[in-house]
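For reference, the structure discussed in these notes is given below.
Bear in mind that the values in this text are calculations on the coordinates, not laboratory data. Predicted model only: the values in this text are computed from it and were never measured. Here the Cβ positions follow ideal geometry from the backbone for every residue, glycine too, while neighbour counts run over all protein chains shown.
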């Protein structure tokens with residue numbers, strides 16, 4: 001059995017990021033001069049990939065940014081991707097979607113549109129006041145996720161980086177199937193995958209702890225990578241959550257009995273904070289068009 005086919009278990013995403021950073025190919029980046037490192041950039045796929053990407057960026061001493069591909073799920077099978085869409089609106093459909101004539105189904109098109117909106121929402125709140133990611137022509141991009149499943153979102157992310165004229169692209173993931181790794185390898189300059197275990201079918205197989213990464217965690221991680229912008233500048237600019245978490249927890253609406261929120265687009269973590277500050281709330285109505293976090297029964 002190939003060494004990479006031996007099942008390798010990561011403690012969590014932080015551990016996976018540290019182990020990725022130790023890969024010999026990536027250690028070469030760590031040993032570059034500061035000026036040379038400026039031509040490298042970690043770009044992660046939120047949310048889980050951002051935790052891995054943060055560890056990698058810290059270990060290598062380079063900066064970190066995001067792209068926002070979103071999975072388009074197969075009707076009735078939420079975890080099975082039939083395609084992916086980027087924040088730019090570019091769509092990738094896999095062979096199954098084409099063979100089964102799923103693409104033009106109304107619920108599939110509705111799902112696609114919702115995922116575009118969710119990608120835009122995440123881009124707005126995660127990147128903060130960073131300058132727009134518009135040109136990567138002088139950058140070698142290290143594209144990071146917490147693992148490869150169908151590969152749909154990674155392909156979408158690769159397309160986004162190519163659209164932005166990345167000089168070269170390295171995909172770095174802790175785990176994936178041999179077939180997905182081979183598939184992705186044809187699209188990029190290099191791919192690093194620490195383990196491709198026999199019988200692999202889901203990213204969670206390679207982790208002891210695989211809790212869902214929250215909006216709040218991603219926001220806090222990416223606040224470290226703002227474009228040399230001071231915290232005071234961020235707060236005065238109205239960047240969505242920099243000052244929010246510090247100030248809102250001190251306020252309470254003790255007399256509020258009924259609350260109606262129309263087109264609530266924030267993450268579940270914001271809702272949790274809000275509910276802790278309304279202890280006597282008796283009626284809550286939420287209109288939510290696309291953020292599936294809010295309707296996750298396990299989180300409620």
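Could you compute how fast region 36-129 diffuses translationally, taking Rh as the Kirkwood radius over C-alpha pairs and applying Stokes-Einstein at 25 °C with viscosity 0.890 mPa s? Give it in µm² per second. Display every interim value, and only then the final one.
Working: Rh = 14.6 Å.
Answer, rounded: 167 µm²/s.
If a/c stays under 1.5 just call it rounded; otherwise compare a/b with b/c (prolate if a/b is bigger, oblate if not). Do that for region 117-235, with a ≥ b ≥ c from the square roots of the Cα gyration tensor eigenvalues. If you can, show how the numbers build up before the last one.
Values: a/c = 2.38, a/b = 1.43, b/c = 1.66.
Because a/c hits 1.5 or more and a/b fails to exceed b/c, region 117-235 counts as oblate.
Take the alpha carbon atoms of region 193-214, find their center, do the same for region 55-78, and report the distance between the two centers in whole angstrom.
Between the Cα centres of region 193-214 and region 55-78 lies a distance of 15 Å.
From the P(r) of region 1-90, could you give the percentage of C-alpha pairs in the tail past 22 Å?
On the way: 1805 of 4005 pairs.
I get 45 percent for the Cα pairs in region 1-90 exceeding 22 Å.
Based on the mean of other Cβ atoms within 10 Å per residue, sort peptides 20-26, 254-260, 192-198 so the most packed one is first.
On the way: 20-26: 15.6, 254-260: 10.9, 192-198: 19.0.
Top to bottom by mean Cβ count within 10 Å: 192-198, 20-26, 254-260.
Please sort 209-219, 52-62 by packing, taking for each peptide the average over its residues of neighbouring beta carbons within 10 angstrom, highest first. Numbers along the way, then the final one.
Details: 209-219: 17.4, 52-62: 22.6.
Ranked from most to least packed, the peptides come out as 52-62, 209-219.
Going by average Cβ neighbours within 10 Å, how do the peptides 113-120, 31-38 rank, with the highest at the top?
Details: 113-120: 18.9, 31-38: 10.8.
So the order, starting with the most tightly packed, is 113-120, 31-38.
Compute the length gained on full extension between residue 22 and residue 162: take 0.36 nm times their separation in residues and subtract their Cα-Cα distance, giving the result in nm to one decimal.
Values: separation 140, 0.36 × 140 = 50.40 nm, distance 2.65 nm.
Additional length available on full extension: 47.8 nm.
Shape verdict for region 83-140, please, from the Cα gyration tensor: rounded (a/c under 1.5), prolate (a/b greater than b/c) or oblate. Kindly include the intermediate steps, with their values, before the conclusion.
Values: a/c = 4.41, a/b = 1.82, b/c = 2.42.
Oblate, because a/c is 1.5 or more while a/b does not exceed b/c.
Give the calculated FRET efficiency between residue 190 and residue 224 to the nearest 0.05, with a Förster radius of 30 Å applied to their Cβ-Cβ distance. Mind dumping the intermediate values first?
Values: r = 26 Å, r/R0 = 0.88.
According to the calculation, E is roughly 0.70.
Rounded, prolate or oblate: which fits region 47-186, taking a ≥ b ≥ c as square roots of the Cα gyration tensor eigenvalues, rounded meaning a/c under 1.5, else prolate when a/b beats b/c? Numbers along the way, then the final one.
Details: a/c = 1.87, a/b = 1.45, b/c = 1.29.
Prolate, because a/c is 1.5 or more and a/b exceeds b/c.
Quick one: length gained pulling residue 79 to residue 113 fully straight, 0.36 nm per residue minus the C-alpha distance? Provide the component values of the computation, followed by the final result.
Details: separation 34, 0.36 × 34 = 12.24 nm, distance 1.77 nm.
Gain on extension, residue 79 to residue 113, equals 10.5 nm.
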